[in-house]
Amino acid sequence: MPLANTSTAVPVVVDEGKCIADKGCTVCVDVCPLDVLRISELTGKAYMKFDECWYCMPCEADCPTGAVTVNIPYLLK
Amino acid sequence: MDEIKAGLSEIDCDVLVIGGGTAGPMAAYKAKMKNPDAKVVLLEKANVKRSGAISMGMDGLNNAVIPGHSTPEQYTKEITIANDGIVDQAAVLKYAQNCFEIIQELDKFGIRFQKDENGDYDVKKVHHMGTYVLPMPNGETVKKALYRQLRRARILISNRFMATRLITGKSGRIAGAVAVNTRSGEFLVVRAKTVIMSMGAAGRLGLPTSGYLFGTYENPANSGEGYAMAYHAGAKLANLECFQINPLIKDYNGPACAYVAGPFGGYTANAKGERFIECDYWSGQMMQEFYKELQSGNGPVFLRLNHLHKETAEHIEQILHTVERPSRGRFHEARGTHYAETMIEMHISEIGFCSGHSASGVFVDEFARTTVPGLYAAGDMASVPHNYMLGAFTNGAIAGEHAIDFAAEVDFEEFDRTDVAREQERVLAPTRREDGIPPNQIEYKVRRLVNDYLQPPKVTRKYELAQARFAEVREDLENAMVVRDSHELMRAMEVASILDCADMAACASLYRTESRWGLYHWRTDFPERNDADWKCHVLLSKQADGSMGCEKRAVQPYIVPISDDEKDAYYKQRITAEA
Ligand SMILES: Cc1cc2nc3c(=O)[nH]c(=O)nc-3n(C[C@H](O)[C@H](O)[C@H](O)COP(=O)(O)OP(=O)(O)OC[C@H]3O[C@@H](n4cnc5c(N)ncnc54)[C@H](O)[C@@H]3O)c2cc1C
Ligand code: SF4
Ligand code: SF4
């Protein structure tokens, strides 16, 4: 069966003004238990790549600049 | 990151620990402490710093046996009764005897436990009979404190490696494990003299009612590989029909949590605000009453705190919104729910396997040994019932100390190299297809079927239909699943475990033709408990012909006797007359 691209709203938001991934930080990507965050090749900033989040918050708690906000995923909010 | 690369490396060690959540770090630490010259490897699918059920911390110990407050014998009796008699007491008693030492050790690591003004442990009563719940005022530091000890002890940590299969040797003894890097798809073969499994619960079995695949009670990284790997290695699994089903905050799907709120006067209430169960300690019998109330005109069910003093309710809110599941404050905020004002709607969770909360696990004895020589299991995936976090730590320690001694006495077990090649082929098969069905759709379907057919009350005909549907999905999984990168490859391996667990849940439940453990194993075709035929364990394993099968195993004679008038104490949950 061929694959489609269906869009989905993700719960984790990164404030690009605060994110220092371009200076080498990868903390949120490193700690996420579900491994759903990545650094964008386009912007050099962290973002949520996969909508597979436990809304557990290590990404937000450990970010050195307070750039991450975890929201409740839409389906259960 | 995420593109699939070819690669295979191999390492050797004395003790391989798989799963770096709670039990795993303690197992690795204790093994290394006992023999500092030994090579101990800790393999983790995520990152040990923030992995597992306790990734953000814990509110307290749910089952602390503390001198002066309770005895190991009292605890063993309580758990035997709570688990409806199906307990090999040696393992529970051993836990109860050892856990205080572990508390003291955790204290040394910097984790604090609540004390009263006299400096005595401030243990609370939540269980039906005894007093075992101990709050942790800096519970958010657990993971950091553990991690520091692992670094200090020079444990070799391999993060982002997901174990997919155990390797056993020609004699049936454990030989190691195969793992895949979740960001590159490269393989790692670990040859090990002993292996300790601590991969947590099978938490992604049922589908949460929200429909969100990752909105589970358990940390969704715990997708049941521990159970599936043990099964494929020939180990026996105990009482899988004793499902985990928990009372949770509806939609948010986190603990409500009566263990925290109960000692302050909070309780589970029906829509009229009335208490309907005697004891908020999680058991199948309690869940049965919860379920009945939900189904009756008295539902839905709520956590009630709004009768308490405003400051008390806010204090509870503050604990519950900061430690274990800190996003729940945001959840309530968005809905405008304040604990001091409104009752909080609750619901029952999806089904799962977890001995931490119920009893379904890989069968182990009091030394955490499985039925495969050299293979150990501890924590939520091992069969010691109602074990919680302190059980994971304590039994992890027992496993680590036993395994390191075992490793000193044996050499590496020989194994057939084609087993590794076959496993590589199984893992990579979905990467070789151009199109097909992605893992998330297969996962959704399996878990939706689990809800439709396996969720109690258990109906024989529905279970048979489930087995037929699972077989169809297995065809798709084996012949049509497609993945495009290493992240999806991890999800593909996870869904294979989830499907194995679904089949195991069905097989074990059909085998036990009685009802037991309240809601956990309520069979409508066999509504009565039948002690004459079923006061025994059900052990599930892979049979010689490759099929899945079950057998009975006698419960070991009790060490702590249970009298007839006590044995049904957990069935007396329903509040009948007004006090
Ligand atoms: C929300 C919540 C609240 C709780 N509250 C309390 C409480 O207040 N008090 C209490 O005593 N208990 C509590 N518990 C129970 C307690 O946390 C667990 O019983 C205990 O932490 C389980 O430890 P574990 O080591 O078995 O599993 P975990 O700590 O979950 O660790 C399992 C690890 O295995 C890893 N893993 C999984 N699959 C693989 C694989 N294939 N390869 C490599 N690694 C893998 C996972 O990433 C994870 O790190 C709570 C549980 C939950 C979920
Ligand atoms: S931890 Fe914070 S600063 Fe670092 S990459 Fe993530 S968002 Fe950016
Ligand atoms: S909330 Fe948890 S699962 Fe979600 S992105 Fe952050 S660390 Fe990952």
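What the table below lists for this structure:
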quantity: Strands (runs of 3 or more DSSP E) lying entirely in segment B:300-418 (those with 2 or more residues that are over 29 Å from residue A:76 (Cα atoms) and away from chain A (no Cβ under 14 Å)); calculated: B:375-377
quantity: Residue, nearest to ligand 3 (Cβ to nearest atom), within segment A:8-26, restricted to residues that are open to solvent by 60 Å² or more (accessible area, probe 1.4 Å) and farther than 14 Å from residue A:43 by Cα; calculated: A:13
quantity: Among the residues listed as B:140, B:101, the single one being among the acidic types (Asp, Glu) and buried (at least 17 other Cβ atoms within 10 Å of the Cβ); calculated: B:140
quantity: One residue from B:484, B:516, B:523 being basic (Lys, Arg) and under 27 Å from residue B:221 (Cα atoms); calculated: B:484
quantity: So residue B:269, is it on the phi < 0 side of the Ramachandran plot and either within 27 Å of the chain's Cα centre (by Cα) or open to solvent by less than 30 Å² (accessible area, probe 1.4 Å) (or both); calculated: yes
quantity: Lone qualifier among B:359, B:340 - being more than 16 Å from ligand 2 (Cβ to nearest atom) and within 30 Å of residue B:239 (Cβ to Cβ); calculated: B:359
quantity: Within segment B:28-70, tally of residues that are without any contact (Cβ under 8 Å) to a residue 24 or more places away in the chain and among the hydroxyl-bearing types (Ser, Thr, Tyr); calculated: 0
quantity: Residue under evaluation residue B:434, criteria (1) in a helix (DSSP H, G or I); (2) within 14 Å of chain A (Cβ to nearest Cβ), criterion not met; calculated: (1)
quantity: Residue within segment B:62-77 that is more than 24 Å from residue B:142 (Cα to Cα), β-branched (Val, Ile, Thr) and in contact with a helix residue (DSSP H, G or I) (Cβ under 6 Å, 6 or more places away or on another chain) present; calculated: yes
quantity: Test: residue A:4 is more than 10 Å from ligand 3 (Cβ to nearest atom) and open to solvent by less than 30 Å² (accessible area, probe 1.4 Å); calculated: no
quantity: Single residue of segment B:181-209 satisfying the filter (among the polar types (S, T, N, Q) and open to solvent by 20 Å² or more (accessible area, probe 1.4 Å)) that is farthest from residue B:388 (Cα to Cα); calculated: B:181
quantity: Selection status of residue A:75, touching a Gly at 6+ places or on another chain (Cβ under 8 Å), open to solvent by 20 Å² or more (accessible area, probe 1.4 Å) and not hydroxyl-bearing (Ser, Thr, Tyr); calculated: yes
quantity: Residue check, residue A:52 within 9 Å of ligand 3 (Cβ to nearest atom), crowded, with 17+ Cβ neighbours inside 10 Å and more than 8 Å from chain B (Cβ to nearest Cβ); calculated: no
quantity: Hey, residue B:90 among the small types (Gly, Ala, Ser) and either within 14 Å of chain A (Cβ to nearest Cβ) or open to solvent by 10 Å² or more (accessible area, probe 1.4 Å) (or both) or not; calculated: yes
quantity: Residue count for segment B:214-265, restricted to those that are in a loop (DSSP other than H, G, I, E, B), more than 14 Å from chain A (Cβ to nearest Cβ) and either within 16 Å of residue B:286 (Cα to Cα) or charged (D, E, K, R) (or both); calculated: 8
quantity: Scan of segment A:36-46 for residues that are more than 9 Å from ligand 2 (Cβ to nearest atom) and either open to solvent by 30 Å² or more (accessible area, probe 1.4 Å) or touching a Phe, Trp or Tyr at 6+ places or on another chain (Cβ under 8 Å) (or both), ordered by number; calculated: A:36, A:38, A:40, A:41, A:42, A:43
quantity: Members of segment B:290-326 that are of a type in the set (D, E, K, R), open to solvent by 20 Å² or more (accessible area, probe 1.4 Å) and touching a residue at least 24 places away in the same chain (Cβ under 8 Å); calculated: B:304, B:310, B:314, B:324
quantity: Inter-residue pairs, beta-carbon under 6 Å, first within 16 Å of ligand 1 (Cβ to nearest atom) and in segment A:47-73, second of a type in the set (Asp, Glu), 6+ apart; calculated: A:70/A:60
quantity: Test: residue in segment B:479-493 that is assigned to a helix (DSSP H, G or I), of a type in the set (A, V, I, L, M), under 26 Å from residue B:86 (Cα atoms) and modelled with pLDDT of 95 or more; calculated: no
quantity: Residue count, segment B:201-229 (criterion: in contact with a strand residue (DSSP E or B) (Cβ under 7 Å, 6 or more places away or on another chain) and among the aliphatic types (A, V, I, L, M)); calculated: 4
quantity: Residue ID - nearest to the other protein chains (Cβ to nearest Cβ), chosen from residues in segment B:6-57 that are within 16 Å of ligand 3 (Cβ to nearest atom) and open to solvent by 30 Å² or more (accessible area, probe 1.4 Å); calculated: B:49
quantity: In segment B:61-72, the residues that are open to solvent by 10 Å² or more (accessible area, probe 1.4 Å) and under 19 Å from the mean Cα position of the chain (by Cα); calculated: B:62
quantity: Selection status of residue B:476, modelled with pLDDT of 95 or more and touching a His at 6+ places or on another chain (Cβ under 9 Å); calculated: no
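Table: residues versus (1) farther than 19 Å from residue B:47 by Cβ; (2) of a type in the set (S, T, N, Q); (3) more than 10 Å from every other protein chain (Cβ to nearest Cβ).
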{"residue": "A:1", "(1), (2), (3)": "yes, no, no"}
{"residue": "A:9", "(1), (2), (3)": "yes, no, yes"}
{"residue": "A:34", "(1), (2), (3)": "no, no, no"}
{"residue": "A:39", "(1), (2), (3)": "no, no, no"}
{"residue": "A:56", "(1), (2), (3)": "no, no, no"}
{"residue": "A:75", "(1), (2), (3)": "yes, no, no"}
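The values are calculated or read from the model by the stated rules, or taken from the named source; none is laboratory data. All values reported here derive from a predicted model rather than from experimental measurement. Glycine also receives a Cβ, built like all others from the backbone with ideal geometry; neighbour counts cover every protein chain displayed. Note: accessible area is taken over every heavy atom of the protein model, side chains too, but ligands, DNA and RNA are not part of it. Shrake-Rupley method; radii C 1.70, N 1.55, O 1.52, S 1.80 Å.
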